[in-house]
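The values are calculated or read from the model by the stated rules, or taken from the named source; none is laboratory data. These numbers come from a predicted model, not from an experiment. Here the Cβ positions follow ideal geometry from the backbone for every residue, glycine too, while neighbour counts run over all protein chains shown.
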């Protein structure tokens, strides 16, 4: 290890972070900006499973999900200037792109809303292991716990909208409730989720 | 919903819009509703900021989706697509590849094809002249010339064999990028630099998850920015290779 080097002294703390940490992603994007193909591969390798998983969750179609995942990374490569490492992790940024692309596709071609039972099953823990899964796992546990605090109908509404790509009108249709009720469930659910997550940050 | 009879940024208008921001953050509004809310957002920074915060919550929620084994050729497809449509295929300085957001604004790197390829592959001396774009996202705007200092080097093993390359960028976010031609999975690699006064400074270490994990990038501090040499070490502190920065 480098500690055995002569006259060594420790560099600043940020340089000590593990390579899989989200904090390194911004730096990796610099390498990508410099045209480094290997950096692009490393970035795809690191985030591919989560991006593809979300694409499959939303699309329910492997071919379409593969296309969305590929386009997610292409867009990330082209528009890394909009990445703000201080606001969100690269993973979160990528997943937001994935969702946007998937919803655009779905709203063009989906004939009917996804059944809610399928979406509820999505909340089960993943068994897939990815690079950086430790950090992602911690983030995920926070959100899972916050979701669990919501009343069931609000949690279902929020999950259907976020991970199912359903509009409020489609949530109302699936749940058999008036549009106004569906909107209220989505609104209150996300509000509570935000309050819970921000409370955890303050406590932490 | 938005009452068009109210002043665009009146408290009443904001209160009405805020009832819809959660739905907008989740893309759950119908097109007409969304258009009305977005019309308000164009004139109201407070509601835009609120939407941004809600969008961040939704983004966190997306991690709930299970990770799945990605297609084996996903990286190949992405690289092929970026090579086909990116700066490497065009004239130098034609299109931006990507960039990083610096504190206080957006800075887009505009690295020419020839310069970028040469810097990473060949270890050329010098600085990359880029252009900074003010504003967000893809918005075009007046551009000013900005010079980014980029120094590079080729990692050479004691046997004389070239084993990879390093790139050290200066600026607001100094970064060291090390790329190895081959790595052994599970082996702890270390990185250190020699500063201008000859001192060796430890930068960090990493353990490749597998043999494709060949690139390592890490933010560095000011002491490292002026390094003259980068050292790659293996288990036990053995120096595997070094690269003179030029």
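Is it true that some residue in the stretch B:219-226 is farther than 15 Å from residue A:42 by Cβ and in a strand (DSSP E or B)?
We begin by selecting, within the stretch B:219-226, every residue farther than 15 Å from residue A:42 by Cβ; these are B:219-226.
Going one step further and asking which of them are in a strand (DSSP E or B), we end up with B:219.
Taking every residue of the stretch B:219-226 in turn, at least one turns out to be farther than 15 Å from residue A:42 by Cβ and in a strand (DSSP E or B).
This table checks each residue for (1) out of contact with any strand residue (DSSP E or B) (no Cβ under 6 Å at 6 or more places or on another chain); (2) more than 7 Å from every other protein chain (Cβ to nearest Cβ); (3) at pLDDT below 90.
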position: A:13; (1), (2), (3): yes, yes, yes
position: A:22; (1), (2), (3): yes, yes, yes
position: A:42; (1), (2), (3): no, no, yes
position: A:59; (1), (2), (3): yes, yes, yes
position: A:81; (1), (2), (3): no, no, yes
position: A:88; (1), (2), (3): yes, no, yes
position: A:100; (1), (2), (3): yes, yes, no
position: A:104; (1), (2), (3): yes, yes, yes
position: A:109; (1), (2), (3): yes, yes, yes
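Taking residue B:199 and the conditions (1) within 11 Å of another protein chain (Cβ to nearest Cβ); (2) touching a residue at least 24 places away in the same chain (Cβ under 8 Å), which numbered condition does it fall short on, given that it satisfies the others?
All conditions pass for residue B:199, except number (2).
Within the stretch A:155-170, can you find the residues that are more than 7 Å from chain B (Cβ to nearest Cβ) and more than 18 Å from residue B:65 (Cα to Cα)?
A:170
If you go through the stretch B:156-180, how many residues are modelled with pLDDT under 80 and facing another protein chain (nearest Cβ under 9 Å)?
Matching residues across the stretch B:156-180 total 3.
Filter the stretch B:172-195 down to the residues that are in contact (Cβ under 8 Å) with a residue 24 or more places away in the chain and not in a strand (DSSP E or B) and list them by number.
Residues satisfying the conditions are B:172, B:173, B:174, B:181, B:182, B:183, B:184, B:185, B:187, B:188, B:195.
Output the residue which, of all residues in the stretch A:146-177 that are out of contact with any helix residue (DSSP H, G or I) (no Cβ under 8 Å at 6 or more places or on another chain) and either at pLDDT below 90 or part of a helix (DSSP H, G or I) (or both), is nearest to residue A:198 (Cα to Cα).
It comes out as A:152.
Within the stretch B:39-74, which residues are touching a residue at least 24 places away in the same chain (Cβ under 8 Å) and at the interface with chain A (Cβ under 7 Å from one of its Cβ atoms)? Walk me through it before giving the result.
Here is the first cut: in the stretch B:39-74, the ones touching a residue at least 24 places away in the same chain (Cβ under 8 Å) are B:39-41, B:43-44, B:46-47, B:50-51, B:54-55, B:57-58.
Within the stretch B:39-74, B:54, B:57, B:58 meet the criteria.
Among the listed residues B:195, B:215, identify the single one that is more than 18 Å from residue A:26 (Cβ to Cβ) and either surrounded by fewer than 18 Cβ atoms within 10 Å (Cβ to Cβ) or modelled with pLDDT under 80 (or both).
Details: B:215 fails: more than 18 Å from residue A:26 (Cβ to Cβ).
Of the residues listed, the single one that is more than 18 Å from residue A:26 (Cβ to Cβ) and either surrounded by fewer than 18 Cβ atoms within 10 Å (Cβ to Cβ) or modelled with pLDDT under 80 (or both) is B:195.
Return the only residue of A:120, A:130 being part of a helix (DSSP H, G or I) and at pLDDT below 85.
Among A:120, A:130, only A:120 is part of a helix (DSSP H, G or I) and at pLDDT below 85.
What residue, among those in the stretch B:75-102 that are surrounded by fewer than 21 Cβ atoms within 10 Å (Cβ to Cβ) and at pLDDT 85 or above, is nearest to residue A:68 (Cα to Cα)? Can you show your working first?
In the first step, residues of the stretch B:75-102 are kept if they are surrounded by fewer than 21 Cβ atoms within 10 Å (Cβ to Cβ); the result is B:76-77, B:79-81, B:83-85, B:88-95, B:102.
Among the residues that remain, those that are also at pLDDT 85 or above are: B:76-77, B:79-80.
Details: B:76: 15, B:77: 12, B:79: 15, B:80: 16 Å.
Ranking the candidates gives B:77 first.
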